[in-house]
Amino acid sequence: MAKNEKSREVNQPVWFDGKSINEALFCDDFLSRRKIIYTNGAFFTPDGRVTNDLPLRSEIFDELRCCAVSNIPRKISNIVELMKLAALVEDFPPETDRIHLANGTLFLDGAFTEGKPEIVRCRLPVAYNPNALTPTRWLAFLDGLLYPEDIPTLQEFIGYCLIPSNKGQRMMVIKGSGGEGKSQIGAVLSALFGSNMKDGSIGKISENRFARADLEHILLCVDDDMRMEALRQTNYVKSIVTAQGKMDLERKGKQSYQGWMCARLLAFSNGDLQALFDRSDGFYRRQLVLTTKEKPADRVDDPDLAEKMKAEIEGIFLWAFAGLQRLVANNFKFTESQRTRENREAVKRDNNNVFDFLESEGYIRLKADASISSKDCYGIYQMWCEENSLTALKRRSFSDALVTACGKYNLEHCNTITNSAGRRVWGFMGIEAVARPHINEFTDASQCTYVPEDWRD
């Protein structure tokens, strides 16, 4: 009997004295046999970020089940919390020159090393197979969905999302009238990115200051059905698209902190991404806007198409990687067809009718030696909007948009304009008034609060 007890004592782990568990010693022993670190609010292993700690807790339980102690669940929770301190490292920057895959690491120059010897921030669930077959179903699907000259843009953008970098400074919107099958792209990307992709809402990102923190560690955020309401503010969205390093993140009830942000935004929509107040060129030039082909009336949809395309995921990865290499070689400048550029300009004009006003006839004339006060110009603009059944911008928004357009239309915003009363006011050099708005031309007199003095009868 004494011999058996002595044998059990010899076989006992160092962190168990026969009565209680030394949680600190358990952590040291566990970490000596596992590759795991804790940083930026998450555990990381050679398989990437631990998105669910249940397997980790289960592994700890398997080692503790031999110990006849009470409150095992509480001890496991204590060990996990203690492990965050024992495995803590100060920082873990993203690696932008390589892609960690299920069977190894692929570098941007095409070199590949097998195995998982190191701890990584993210690992894609797809294996690298240089001999993978061409993804014929995927390519046929894209050929039916997009115009041929726009497919390279999508290829580069998906490749761009493979690495944790925002050097491209772009988000993508794919829009159509509905039923074209564009959402199938998201289904395929979920197989390519796994837990490194998140379904989200651009509207929520723009409105909720906590939403950005949900995208920490994520490579791609997909908005499968972008809502049509114009964004009330765009600074959160723009900051994600252009982030090149750490940014301030905030979680509910916690102190804000600096975290790595490399999430790219992809939205599928039946309309354009518009801003309610932001008329700046910066908001629109960050968008890659692709339009789908119309759905053929006689097309028969395959309900299993997404699953069939997922079966080609190794070939789809090679296709996307080729797009990434092309993008990197072009210094992260995306291939854009004339249609894509026109789409972006159209979105910009739809949200800012000042451009159409400046190019209208019969209301104003662009003339180098002419001038007009801001107040007179806004009165003519209101008349133009009324006669064209358009919604006029507020005075301040109109003025800001006109100032932004000065460079394009060779205008000058200055305070040396003399109005009809002989007073010096703000206005624009390079614009001459042609039309004469009268208050009775408006259905609502409150919409025309000003009639130039020199135009009154």
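Every read-out reported here was derived from the displayed coordinates using simple, explicitly stated rules and does not represent laboratory data. Only a predicted model underlies this, so the values are computations on that prediction, with no experimental measurement involved. Positions of Cβ are generated from backbone atoms using ideal geometry, with glycine treated the same way; all protein chains shown enter the neighbour counts.
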Response to the item:
At R0 = 25 Å the Cβ-Cβ FRET efficiency linking Lys19 and Ser58, nearest 0.05, sits at 0.55
Response to the item:
Taking Cα pairs closer than 8 Å and at least 6 residues apart, the relative contact order of the stretch 1-142 in percent is 25 percent
Worksheet entry | Zero-based 5 Å bins, Cα pair distances in the stretch 136-348, whole percents | 1, 7, 15, 20, 21, 17, 11, 5, 2, 1, 0, 0
Worksheet entry | In sequence order, calculated HN-Hα J values of the stretch 81-96 (Karplus, 6.51, -1.76, 1.60; Hz; x Gly/Pro) | 5, 5, 5, 4, 7, 5, 9, 5, 10, 5, 7, 8, x, x, 9, 9
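Calculate the dipole size of the chain relative to its Cα centre from +1 charges on Lys and Arg beta carbons and -1 charges on Asp and Glu beta carbons; express the result in debye to the nearest 20. Please report the intermediate quantities before stating the final value.
Working: 60 positive and 64 negative charges, 246 e Å.
Value, rounded to 20: 1180 debye.
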Discussion item. Which entries of Lys35/Lys75; Lys182/Lys238; Lys35/Lys333; Lys198/Lys254; Lys295/Lys348; Lys254/Lys310 have Cα-Cα distances beyond 31 Å here?
Written reply: Lys35/Lys333; Lys254/Lys310
Discussion item. Above 18 Å lies some portion of the pair distances; for the stretch 355-414, what is it as a whole percent of all C-alpha pairs?
Written reply: 27 percent
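Give me the one-decimal Kirkwood hydrodynamic radius in Å for the stretch 23-87, with the sum taken over alpha-carbon pairs. If you can, show how the numbers build up before the last one.
Numbers: mean 1/r = 0.0820 Å⁻¹.
Final number for the Kirkwood radius of the stretch 23-87 is 12.2 Å.
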Fill in: Label point distance in nm, Asp302-Glu345, each placed 7 Å from Cα along Cα→Cβ
3.8 nm
Worksheet, complete the sentence: re the chain: pairs of Cα atoms spaced beyond 43 Å account for a percent value of 35 percent
Fill in: Mean Cα-pair separation over length for the chain, i.e. relative contact order, pairs under 8 Å, 6 or more apart, %
14 percent
Response to the item:
Cα-based Rg then Dmax for the stretch 69-192, in Å, read 20.3, 67
Fill in: 0 to 90° range, to nearest 10: angle between helix 136-145 axis and the chain longest Cα axis
20 degrees
Worksheet entry | Given charges at Cβ of Lys, Arg, Asp, Glu: the chain dipole, positive-most of Leu162, Val14, Thr45 | Val14
Worksheet item: Amide H to amide H, which residues 5 or more places from Ala267 or on other chains are under 5 Å from it, using H placed in the peptide plane?
Response: Met172, Val173, Ile174, Asp223
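Quote the FRET efficiency, to the nearest 0.05, computed for Cys414 versus Tyr257 with a Förster distance R0 of 45 Å and r equal to the Cβ-Cβ distance. Don't skip to the answer; put the middle values down first.
Numbers: r = 45 Å, r/R0 = 1.00.
Given R0 = 45 Å and the Cβ-Cβ separation, E is 0.50.
Using only alpha carbon pairs under 8 Å that are at least six residues apart, calculate the relative contact order of the stretch 136-348 and give it in whole percent.
Values: 364 pairs, mean separation 73.3, N = 213.
The value is 34 percent.
Can you give the calculated 222 nm mean residue ellipticity of the chain, where each DSSP H run of n ≥ 4 adds -39,500 (n - 2.57) and the sum is split over every residue, rounded to the nearest 500 deg cm²/dmol?
Numbers: 17 runs with 165 residues, N = 457.
So the calculated ellipticity at 222 nm is -10500 deg cm²/dmol.
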Worksheet item: Taking +1 at the Cβ of each Lys and Arg and -1 at the Cβ of each Asp and Glu, which of Trp426, Leu411, Cys262 sits farthest along the dipole of the chain towards its positive end, judged by Cα position relative to the Cα centre?
Response: Cys262
Fill in: Estimated inter-spin distance, Asp28 and Lys333, nm [label 7 Å along Cα→Cβ]
5.8 nm
Worksheet item: Which value in nm describes the separation of the simple spin-label points at Leu133 and Lys394, placed 7 Å from the Cα toward the beta carbon?
Response: 5.9 nm
Discussion item. Give me the net charge for the shell around Ala263: Cβ to Cβ below 11 angstrom, other residues only, Lys and Arg +1, Asp and Glu -1.
Written reply: +1
Worksheet item: By how many degrees, 0 to 90 and rounded to 10, does the Cα axis of helix 313-329 deviate from the longest principal axis of the chain?
Response: 60 degrees
Worksheet item: Using alpha carbons only, how many degrees (0 to 90, rounded to 10) separate the axis of helix 151-160 from the longest principal axis of the chain?
Response: 50 degrees
